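Step one of this worksheet: look at the structure below.
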Amino acid sequence: MEFQLGVMLRGQYEHGADMVAKADEMIEQAKFADQLGYASITKGSHYSTDAFQAFQQFPVLARLSGEVKQARLNAGIVLLPLHKPLDIAEQLATIDILSNGRLIFGVGLGYREVEFKAFGMTQKQRGKRLTENLVAIKRLWSTDKVSMVGSHFELDEAVCWPKPVQKPNPPIWIGGNADVALKRAAVHGDCWYINPHNTLETCKRQIDLYKGFLDEASKPFPTELPMRREAFVARTKEEALHLAGPFIAKKYAAYHAWGQDDDMPEDETLAGSLDEIIGDRFLIGSPEEVAEQMIRINSELGVNHLILSMEWAGMEKSVAMDCMQMMAEEVMPLVRQGT
């Protein structure tokens with residue numbers, strides 16, 4: 001598979017922002033990314049985001065299904081343990097139809113207590129709920145009637161009509177930071193959706209684990225291996241850090257406060273200054289520097305679909321769009337030459 005770039009639209013904004021105007025900006029950015037040739041547009045999901053205002057995932061993807069003409073639409077990720085499988089199956093089937101078969105179904109556990117409590121569950125229950133939900137959703141998409149009793153739902157000859165366009169189902173990308181997530185991705189997913197937080201050395205170790213779990217499940221290595229990373233390109237690394245650094249630092253302070261570190265391997269942390277956090281996690285620099293980092297990710301990990309977060313709460317739209325354009329027009333050709 002040819003190396004591809006995608007765009008992550010966080011849809012998170014500072015308190016006090018005009019959210020009607022921000023919604024228009026977000027749609028404009030998605031259409032611009034599509035015109036620039038990005039392969040996918042991703043919208044994530046969180047609830048009760050105290051540090052930011054955030055648009056919800058499914059309404060955004062449904063709107064983009066009519067605005068974006070070529071790029072795939074990635075629900076990346078759905079916090080699946082919080083939900084009931086019939087609801088998610090029908091919602092996502094509708095979005096797959098509205099987009100004419102361009103949906104990607106990203107799946108993750110979630111890690112924030114405020115979300116678990118609001119949806120009436122505990123962190124201990126999340127793994128079982130995710131697996132049960134995923135099994136049920138696949139059955140709802142592939143068979144006419146489903147009867148299944150889970151720990152938090154019962155399907156009594158339940159149906160999901162209409163079915164998704166993609167058969168047997170939209171691609172299922174299972175994300176996760178911790179080693180245990182890799183087995184879940186190997187057994188239940190079409191691929192592991194590599195997280196944006198772990199260092200490359202940790203990711204290399206985890207790829208070896210993932211390959212072992214695939215062997216145990218008698219499944220081949222996926223033809224598409226996606227990864228999300230924070231990224232920003234400018235004429236020089238100094239300029240890129242000046243433009244993006246303060247916004248990334250604020251975002252990762254929020255991640256740390258939310259407890260993201262607790263779901264990462266023991267030798268990983270998001271505490272510390274921006275310089276300490278960056279390491280080889282983020283793709284920041286000149287076009288040549290960012291391309292070199294992408295080529296390394298491809299050669300060392302096998303990643304061939306890299307999804308980039310290039311905007312954070314408080315950043316001006318024009319700054320983010322300039323970065324998107326430079327990434328598409330100057331970085332991507334260098335990466336294609338190198339991969």
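Annotations
- Residue match in region 225-241 (condition: modelled with pLDDT of 85 or more and among the aromatic types (Phe, Trp, Tyr)): yes
- Which listed residue, of Lys22, Lys43, is touching a helix residue (DSSP H, G or I) at 6+ places or on another chain (Cβ under 7 Å) and not hydroxyl-bearing (Ser, Thr, Tyr): Lys43
- Complete set of residues in region 167-195 that are under 20 Å from Glu230 (Cα atoms) and crowded, with 19+ Cβ neighbours inside 10 Å: Trp173, Ile174, Gly175, Gly176, Asn177, Trp192, Tyr193, Ile194, Asn195
- Any hit, region 136-146, residues being closer than 23 Å to Thr42 by Cβ and either touching a strand residue (DSSP E or B) at 6+ places or on another chain (Cβ under 6 Å) or buried (at least 23 other Cβ atoms within 10 Å of the Cβ) (or both): yes
- Residue count for region 27-53, restricted to those that are out of contact with any Asp or Glu (no Cβ under 9 Å at 6 or more places or on another chain), crowded, with 20+ Cβ neighbours inside 10 Å and either within 23 Å of Glu113 (Cβ to Cβ) or without any contact (Cβ under 8 Å) to a residue 60 or more places away in the chain (or both): 3
- The criterion of at least 2 residues that are within 28 Å of Phe221 (Cβ to Cβ) is met, among strands (runs of 3 or more DSSP E) falling completely within region 80-179, by 103-108, 172-176.
- Number of the exception - Gly101 against (1) out of contact with any His (no Cβ under 8 Å at 6 or more places or on another chain); (2) closer than 30 Å to Gly66 by Cβ; (3) surrounded by 14 or more Cβ atoms within 10 Å (Cβ to Cβ); (4) touching a residue at least 24 places away in the same chain (Cβ under 8 Å): (3)
- Assessment of region 17-26 against the conditions (under 19 Å from the mean Cα position of the chain (by Cα), farther than 30 Å from Lys145 by Cβ and not acidic (Asp, Glu)) yields at least one matching residue.
- Here the condition is being within 22 Å of Lys84 (Cβ to Cβ), free of Cβ contacts under 8 Å to residues at least 12 places away in the same chain and of a type in the set (Gly, Ala, Ser); of Ser147, Ser142, Ser151, it holds for Ser147 alone.
- Restricting region 108-151 to residues that are farther than 17 Å from Leu92 by Cβ and among the aliphatic types (A, V, I, L, M), the residue that is nearest to the chain's Cα centre (by Cα): Leu109
- Inclusion of Ala75 among residues that are without any contact (Cβ under 8 Å) to a residue 40 or more places away in the chain, buried (at least 23 other Cβ atoms within 10 Å of the Cβ), of a type in the set (Gly, Ala, Ser) and closer than 27 Å to Gly176 by Cα is warranted.
- Scanning region 23-48 for residues that are in a loop (DSSP other than H, G, I, E, B) and either of a type in the set (S, T, N, Q) or closer than 23 Å to Glu330 by Cα (or both) gives Gly37, Tyr38, Ala39, Ser45, Ser48.
- Figure legend. Inter-residue proximity from region 277-300: first residues touching a residue at least 40 places away in the same chain (Cβ under 8 Å), second residues polar (S, T, N, Q) and part of a helix (DSSP H, G or I), beta-carbon distance below 8 Å, spacing 6+ or different chains. Indicated pairs: Asp280/Gln293; Leu283/Gln293; Gly285/Gln293.
- Some residue of region 187-200 being assigned to a loop (DSSP other than H, G, I, E, B) and in contact with a Leu (Cβ under 9 Å, 6 or more places away or on another chain): yes
The values are calculated or read from the model by the stated rules, or taken from the named source; none is laboratory data. The structure displayed is predicted, hence computed values, not measured ones. All Cβ positions, glycine included, derive from the backbone under ideal geometry; neighbour counts span all protein chains shown.
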